[in-house]
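Notes follow once the structure below has been shown.
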Amino acid sequence: MLQKLQRFFQKKSVKYSIPFLVLVVGGSFGLKQFTENRYRFRRNKFLDKEEAEKWGILKKDKSEVTLETEFEKVKQIDISDWENKRGPRPWEQVTEK
C-alpha cells in the first residue's frame, strides 16, 4: 500500500499538478480576502467644506470655479516671454546664481 502511494506521488503529472492546483485555489481565496478588505475599509463619504477646513484643506465653492473663470485666468498669462529653467539632476551639484 505504501509503495503504491509513493509511486502515485512520484508520477510527473501528480508531482507538478497538485502544487499548481493548491496555488491556484489558495490564491483565489487569498485574493477574495484582499478585495473584501479593500471595499470594507474604503472611505465612502466625501469631505464637506467644514470638515475639509478642519483638516487644513481649503475648498472653493463649486460656483467659484467654472470653466469660464479658469479660461479668463489663462488668457491673462503672458506666454510670449518665458524662459526655460532646467532643474538640477540628482547627480549634479546644486549651485544657485
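Table for the structure above
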| item | result |
| --- | --- |
| Candidates Phe46, Phe8, filtered to the one that is free of Cβ contacts under 8 Å to residues at least 40 places away in the same chain and open to solvent by 100 Å² or more (accessible area, probe 1.4 Å) | Phe46 |
| Candidate set: region 53-97, residues that are in a loop (DSSP other than H, G, I, E, B), modelled with pLDDT of 80 or more and among the hydroxyl-bearing types (Ser, Thr, Tyr); chosen: the one surrounded by the most Cβ atoms within 10 Å (Cβ to Cβ) | Thr66 |
| Output for region 11-43, where each listed residue is open to solvent by 100 Å² or more (accessible area, probe 1.4 Å) and under 19 Å from the mean Cα position of the chain (by Cα) | Leu31, Lys32, Phe34, Arg38, Tyr39, Arg40, Phe41, Arg42, Arg43 |
| Residue match in region 56-74 (condition: more than 28 Å from the chain's Cα centre (by Cα) and of a type in the set (Phe, Trp, Tyr)) | yes |
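The values are calculated or read from the model by the stated rules, or taken from the named source; none is laboratory data. All values reported here derive from a predicted model rather than from experimental measurement. Using ideal geometry, Cβ is built from the backbone for each residue, glycine included, and neighbour counts are taken over all protein chains shown. Note: areas computed on protein heavy atoms with side chains; ligands, DNA, RNA excluded. Shrake-Rupley method; radii C 1.70, N 1.55, O 1.52, S 1.80 Å.
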